[in-house]
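*Asks:* The structure under discussion is supplied below as structure tokens; questions concerning it will follow.
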Amino acid sequence: MDAAIGELQKIMANTRRGVFFGGAGVSTESGIPDFRSEDGLYRQTYKYPPERILSHTFFMQHTEEFFSFYRDKMLCLTAQPNAAHKKLAQWEREGRLAAVVTQNIDGLHQKAGSKNVFELHGSIWRNFCMNCGKAYPVQRIEEGGVPRCACGGIVKPDVVLYEEPLDQTVLGGAVEAIAAADTLIIGGTSLNVYPAAGLVDFFRGENIVVINKGAPARDMRGVLFIDGRIGEVLSQIG
């Protein structure tokens, strides 16, 4: 691994328009569970499968049960950025990283200091009334039961559930950033979730680096692959 980390060090020394594309594995070192690993949410037993609970249909038909699961498993408000989040924010400040594209909803990239973040699946920190559109802080969701607006509408987290489309403005910005990048770092994701995983196909730059615990689901021959936890790997880069 030392040789691969040395190669990554060289790549980043010459990078000026890098983009980081990350998934749930970026936040596991902050204590936030992922979905598909051995200890992930999809391997645990619930009354309903998590994939069904986190769907638009379930949200509409079993709203109270959705919020019970959401508060218990998705709201990790005390989590703090780890070495990966901090290194990416540092690279942005140094002019090496142009953007972060993330599938995570925890807001840890922004908490670490990253400014240009495309949140493909939304954020737990934003919530809105489905009736009038009024914005609410996450504390409204924490209060229990089905959160309601003053107008009577349900306050929904601004997160993309299964069966819901990605925000086209966010998606377009992510595509533009990746297409203009000279280096693409893919970290903490097995590239299983589409359409997000398909964004890597827009990259036209020189270097692709994949950092993940286990090889990604798609063929990534010709890239620099580092098998490891991303926080541990990036903490070794000067």
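The values are calculated or read from the model by the stated rules, or taken from the named source; none is laboratory data. On a predicted model such as this, the values are computed, not experimentally measured, just so you know. Every residue, glycine as well, gets a Cβ built from its backbone with ideal geometry; the counts of neighbours run over all protein chains shown. Each accessible area value is taken on the protein alone, full model and side chains, heavy atoms only, with ligands, DNA and RNA left out. Shrake-Rupley method; radii C 1.70, N 1.55, O 1.52, S 1.80 Å.
*Asks:* If I build a Gaussian network model for the chain, linking alpha-carbon pairs within less than 10 angstrom, which residue out of V100, V19, V223 has the largest mean-square fluctuation?
*Replies:* Among V100, V19, V223, the largest GNM mean-square fluctuation belongs to V223.
*Asks:* Largest first and to the nearest Å, give the Cα extent of segment 132-184 along each principal axis.
*Replies:* Rounded to whole Å, the extents work out to 47, 20, 18 Å.
*Asks:* In debye, nearest 20: dipole of segment 135-238 around its Cα centre with unit charges on the Cβ of K, R (+) and D, E (-)?
*Replies:* 160 debye
*Asks:* A further question follows. With a cut-off of 8 Å between alpha carbons and a minimum separation of six or more residues, what is the relative contact order of the chain in percent?
*Replies:* 25 percent
*Asks:* Compute the FRET efficiency between M60 and K111 as 1/(1 + (r/R0)^6), taking r as their Cβ-Cβ distance and R0 = 35 Å, and round to the nearest 0.05.
*Replies:* With a Förster radius of 35 Å, E is 0.65.
*Asks:* Accessible area per residue for the chain in Å², computed with a 1.4 Å probe and the full protein assembly in place, what is it?
*Replies:* 48 Å²
*Asks:* Provide the convex hull volume over Cα atoms per residue for segment 153-236, in Å³.
*Replies:* 132 Å³
*Asks:* Amide H of A181: which non-local residues (sequence gap of 5 or more, or other chain) have their own amide H closer than 5 Å, using H built in the peptide plane?
*Replies:* Amide H to amide H, under 5 Å and 5 or more residues apart or across chains, A181 pairs with R204.
*Asks:* I'd like the distance separating the alpha-carbon centroids of segment 102-122 and segment 145-175, in whole Å.
*Replies:* The two parts, judged by their Cα centres, are 15 Å apart.
*Asks:* First obtain the Kirkwood hydrodynamic radius of segment 22-163 from its Cα pairs, then insert it into the Stokes-Einstein equation at 20 °C and 1.002 mPa s, and state the resulting D in µm² per second as a whole number.
*Replies:* 133 µm²/s
*Asks:* Quick one: which residues, 5+ away or cross-chain, put their amide H under 5 Å from the amide H of A98? H built at 1.01 Å from N.
*Replies:* Here G18, V19 satisfy the definition.
*Asks:* Sticking with this structure for a sec: Just reorder Y70, Y162, Y48 by solvent-accessible area, largest first, 1.4 Å probe, all chains present.
*Replies:* Y162, Y48, Y70
*Asks:* Answer rounded, prolate or oblate for segment 55-119, using the Cα gyration tensor with square roots of eigenvalues a ≥ b ≥ c: rounded when a/c is under 1.5, else prolate when a/b is larger than b/c, else oblate.
*Replies:* prolate
*Asks:* Of the cross-linked pairs K47/K111; K87/K156; K111/K213; K47/K87; K73/K115; K73/K134, which ones have a Cα-Cα span greater than 28 Å in the structure shown?
*Replies:* Distance filter (> 28 Å) returns K47/K111; K87/K156; K47/K87.
*Asks:* Right, something else. Of the accessible area of the chain, with the probe set at 1.4 angstrom, what percent is carbon plus sulfur?
*Replies:* Here carbon and sulfur together make up 49 percent of the probe-accessible area.
*Asks:* Looking at the chain as a GNM with Cα springs under 10 Å, which of H121, H62, H85 has the largest mean-square fluctuation?
*Replies:* Looking only at H121, H62, H85, the largest GNM fluctuation is found for H62.
*Asks:* What is the spin-label model distance, in nm, from R71 to K10 if the labels are put 7 Å beyond Cα along the C-beta direction?
*Replies:* Using points 7 Å along Cα→Cβ, the separation is 5.4 nm.
*Asks:* Nearest 500 deg cm²/dmol is fine: what mean residue ellipticity at 222 nm does the chain get from its DSSP H runs of n ≥ 4 alone, each adding -39,500 (n - 2.57), divided by its residue count?
*Replies:* -8000 deg cm²/dmol
*Asks:* Heavy atoms of the protein only, probe of 1.4 Å, neighbouring chains included. What is the accessible area of D167 in Å², nearest 10?
*Replies:* 80 Å²
*Asks:* Residue separation times 0.36 nm, minus the C-alpha to C-alpha distance between V146 and K47: what's the value?
*Replies:* 33.8 nm
*Asks:* Which far-off residues, 5 or more places away or on another chain, put their amide H under 5 Å from the one on V159, with H placed in the peptide plane?
*Replies:* Here the answer is S123, since their amide H atoms fall under 5 Å of that of V159.
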